[in-house]
Amino acid sequence: MADHILETHNLSKQFKGFTAVDAVNLKVQRGHIHALIGPNGAGKTTCFNLLTKFLVPSSGDILFNGKHITFHKPAQIARQGVIRSFQISAVFPQMSVLENVRIALQRNLGTSYHFWRSEASLGKLDERAMQLLAEVDLESFSESRTVDLPYGRKRALEIATTLAMEPELMLLDEPTQGMGHEDVHRVTALIKKVAAGRTVLMVEHNMSVVSGICDKISVLQRGALLAEGSYDEISRNPQVMEAYMGSTAPLEGAVQ
């Protein structure tokens, strides 16, 4: 297997003359937690949408496990093991926590869209669903309605449903957005835990999260790659400090 699970070559996206992503060359190393950061409007979410094929690139290439996936459909990307979460929690609020994970597991039965399947036929998924809930510390919430969960727990549930899809590469879009300190700490620890044996690419604004768990960081500004390296390297990069703070002040602890 190649060292880099995901690569982009001069990946670009224009919208009616506006360049949102500008010739970005990413290399995401297998088994690493890789962060994509940058000021608001830097092109991070657009880049995620290109990687997961919710948008078609204007130019450039995307390779996953060394194979071109530039013009694949989102479902094809997901079947290959590239699974994404979104900024807004995407769960079924009126279903139980267990039922949410069980729906994600239905793909393995070949009945993904058969929501009317009998309880007995879906019961065979319960053991695996409970294992996934235990992995994200939600085992005790299995019978709770999802709508009643605290926000941080809902994001943990979303990670569980992502894991149910058996991702080789997880793309997490703002996983701690809108959270209080306690939830941020819990979800950060959870990401580090579930990353074992997997690769994670995440968009994240909270620098304390990035510094705590990420192996490599890519910084975008105005759609272009500004800098790359470890947190120690990018936090002392004058161009990065200028982009974030408007000065050469230290980046440590900055939340954008």
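Nothing in this text is a laboratory measurement; each read-out follows from the coordinates by a stated rule. Since the model is a prediction, treat every value here as computed from it, not as a measurement. We place every Cβ from the backbone using ideal geometry, glycine too, and count neighbours over all the protein chains shown.
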Share of antiparallel DSSP beta bridges in the chain, in percent to the nearest 5? 55
With springs only between Cα atoms under 10 Å, which of 97, 194, 82 fluctuates most in a Gaussian network model of the chain? 194
Positive-end residue of 9, 29, 190, charge dipole of the chain with Cβ unit charges: 9
Please report 217, 69 as a ranked list, fewest other C-beta atoms within 10 angstrom at the top and most at the bottom. 69, 217
Run the dipole for the chain about the Cα centre, Lys and Arg Cβ at +1, Asp and Glu Cβ at -1, nothing else charged, and hand back the magnitude in debye, nearest 20. 760
Please list, in order along region 134-140, the HN-Hα scalar couplings obtained from phi with the Karplus expression 6.51 cos²θ - 1.76 cosθ + 1.60 (θ = phi - 60°), rounded to whole Hz, x for Gly and Pro. 5, 5, 10, 6, 10, 4, 6
Cα gyration tensor, region 135-196 - rounded (a/c under 1.5), prolate or oblate: oblate
34 Å tail of the calculated P(r), the chain, as % of Cα pairs: 19
Per 5 angstrom bin, beginning at 0 and ending with the bin that holds the maximum distance, the Cα pairs of region 184-230 fall in percents of 5, 17, 31, 24, 13, 8, 2
The size of the Cβ-based charge dipole (Lys, Arg +1; Asp, Glu -1) of region 38-99 about the Cα centre, to the nearest 20 debye, is 140
For residue 172, list long-range residues whose amide hydrogen, built 1.01 Å from N in the peptide plane, is under 5 Å from its own amide hydrogen. 85, 201, 202, 203
Among the lysines, select those whose C-alpha is under 28 Å from the C-alpha of residue 192, and discard any that sit fewer than 8 residues away in the same chain. 27, 44, 53, 67, 154, 216
List the equivalent ellipsoid semi-axes of region 9-109 in whole Å, largest first, each obtained as the square root of 5λ for an eigenvalue λ of the Cα gyration tensor. 28, 17, 14
